[in-house]
1. So for the range 258-265 (the condition being among the polar types (S, T, N, Q) and at pLDDT 95 or above), does at least one residue qualify?
2. In the range 101-142, what residues are surrounded by 13 or more Cβ atoms within 10 Å (Cβ to Cβ), under 17 Å from Asp495 (Cβ atoms) and at pLDDT below 70?
3. Is the range 379-387 home to any residue that is of a type in the set (D, E, K, R), in a strand (DSSP E or B) and free of Cβ contacts under 8 Å to residues at least 40 places away in the same chain?
4. Residues in the range 154-175 that are surrounded by 13 or more Cβ atoms within 10 Å (Cβ to Cβ) and either in contact with a Leu (Cβ under 9 Å, 6 or more places away or on another chain) or in contact (Cβ under 8 Å) with a residue 40 or more places away in the chain (or both): how many?
5. Asp401 passes all but one of (1) of a type in the set (D, E, K, R); (2) over 18 Å from Val263 (Cα atoms); (3) in contact with a helix residue (DSSP H, G or I) (Cβ under 7 Å, 6 or more places away or on another chain); which number fails?
6. Is at least one residue of the range 437-455 among the acidic types (Asp, Glu), farther than 26 Å from Gly309 by Cβ and assigned by TED's automatic domain parsing to the domain that holds Ala529?
7. Determine which member of the set Lys536, Lys519 is of a type in the set (Lys, Arg) and in contact with a strand residue (DSSP E or B) (Cβ under 7 Å, 6 or more places away or on another chain).
8. Out of the residues in the range 176-197 meeting the condition of being crowded, with 19+ Cβ neighbours inside 10 Å and in a helix (DSSP H, G or I), tell me which one is modelled with the lowest pLDDT.
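The values are calculated or read from the model by the stated rules, or taken from the named source; none is laboratory data. What you see is a predicted model; the values in this text were computed from it and never measured. Note: ideal-geometry Cβ built from the backbone for every residue, glycine included; neighbour counts use all protein chains shown.
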Amino acid sequence: MKRLITNLKTFWKGSKDFRVWMLLPMLLGPVADYYLMESFSINPFVETRWKAQILNILLFEVLMLALFFAIGNLAIALEAETAFFAFAGFMNYVVLQFRSTPIVPWDWFSIGTGVSVLDNYQLPFGKRQVIVFLLFALVFVLQWPAQWRLWGRTRKKIVTRITGALASIAVFCGLTGWIQTDRGVDQWDLYPFLFTPEIMAMRNGFFATYLMDLQYLVVEKPEGYSAEKAQAFIAEAGAAGNGGAGAGAGRNAADTKYPTIIVIMDEAFSDLSVLGEFTTNEDPMPFVHHLQQGAENTVTGNLAVSVKGGNTANTEFEYLTGCTMAFLPEGSIPYQQYLTKPMPDALPNALKVYGYASTAIHPYRAGGWNRTGAYPKMGFDEMLFEDSFLAPVRVRDYISDQSDFEKLIELYEAKKGDGPQLLFNVTMQNHGGYGESYPNFPETITAPELGSATLDRYLSLVRITDAELEKLVAYFENETEPVAIVFFGDHQPSDAVVAPILSANGKQADALSEEDEQKRYLVPYVIWANYDIEEKSGADTSANYLAAETLEALGVPCSDYEEFLLEQKTRFPVLSGRQLTDANGEVSRAQEQKGETLDYRTVQYYEIFDSADAAGEEP
């Protein structure tokens, strides 16, 4: 290796014009970096549009020049760029495997959450990744002899370096701004649809897509927006929904005391039979299926969510606030990016009017998804995390749903008789990372024809949850105080888990039709009460509407804002980041219906960014 480097140095320095030879690594190094970075996950020569390939190479070249002028040594600049994109390319591959979407700019806000669960996953490292790393190492070695230095304290060299660095940065920023415009997208033939980030990154290249996404760090106001207009929409819906009685009168207001509402958003709980037929040794969720068949005092259906494989916080954000990810950038995390002010109309705040005390429970680390910052802004009085569970039963490395549900009973009993409670529970037992067996985890469910241990473990976790839910319902069936349980999953597991089911039905996770892709965002939901409510089955909805529908079903008064949500549901019965279904049953994307959804967009912007100011709250 030393001899190779020495020979390369001698060859270059012995040439008539040393700097001419330096053009080779300057030109070829960034090209190699680009294609190798993409090769961790895709075949860029085939899957990335040819104009986008040129664009990415140009971006890599300009970035290399900026580094060269800033550092003053070509070899170090080349090595820095190579090392950075080797790391970035591999991390993007890892994120794609875990959650089926690429890295986006706002992931930096959730890096702590990702690291906190990383030790529960098996690192997806195959032959392809080994080869790419070896080729990166070869590029690294070949670039080191390119010792073109601009070091020196002479005025000429200092001016050259500063001018070169600033010019390169200006060109880089100019290219970035260009591809964030409609004209730039057209001229470079880029794929602009943010709601399919994995396709966007594949067709445009990961780096160019990342730069395009930077424009979405800030949410733009809807056309013609004003806080007064949003307030008028909410007031009109409230008047229409409760006969003009004003906020708080509600429809179906119960004559008896208000029920305690226990909301369980269960980690990765889903019914994968929506994806296609497959056979298991026994039903993974017999109790949920029993409830779905018209059980007394029960409402059931499919819940459309906006995420799959991860980003749990977005489903709880949709449920608690009535906002939809359809109007926010794909992959963004409102808890971390946008929830900087109180939200007076969020569910916990809205229920305070009726004497509800509210507690958020999550049996894991408090720092995940900035919940400790977001929950108080939505009105939770109390937050409980992992350290509130004493000697819990664990399944794998996580606190079990058994201990989680027992904590709900404990909290209920501690305050029974003091007024109604809202207990909002985000579980942890079924969190992703299904690659290993554990002595404390009985794997009872198998899909023998599919031969996937990963899928079997996932289904076995679902079976445990289903049994614990049945016990919880049995406990409250005999309770004399009114109690309701709302149960739903936050998302389906990653593509790697469901791939055997799709394959058995002649489909591939990365080549699904639009209809089949929408099914990847469906989870079951249940509203059950220990008192008389109207039974419904097949009542499909989306996470943004579910809280308002819960109050309506349980006879709890709806606020004007919740009436607005119920009004929007009559226009768009399902509205998620993935799917918009209108009143005629026509399915599209919210991004394609900006005019039709303008009222909702206006109110949502107000709720997230302006409602606290209008209510006189401190930012």
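1. There is at least one residue in the range 258-265 that is among the polar types (S, T, N, Q) and at pLDDT 95 or above.
2. Across the range 101-142, the qualifying residues are Tyr121, Pro124.
3. Yes: one or more hits.
4. Of the residues in that region, 11 qualify.
5. (2)
6. Narrowing the range 437-455 to residues among the acidic types (Asp, Glu): 443, 449.
Subsequent filtering for residues that are farther than 26 Å from Gly309 by Cβ retains none.
No, that holds for no residue.
7. Exactly one of Lys536, Lys519 is of a type in the set (Lys, Arg) and in contact with a strand residue (DSSP E or B) (Cβ under 7 Å, 6 or more places away or on another chain), namely Lys536.
8. This residue is Pro197.
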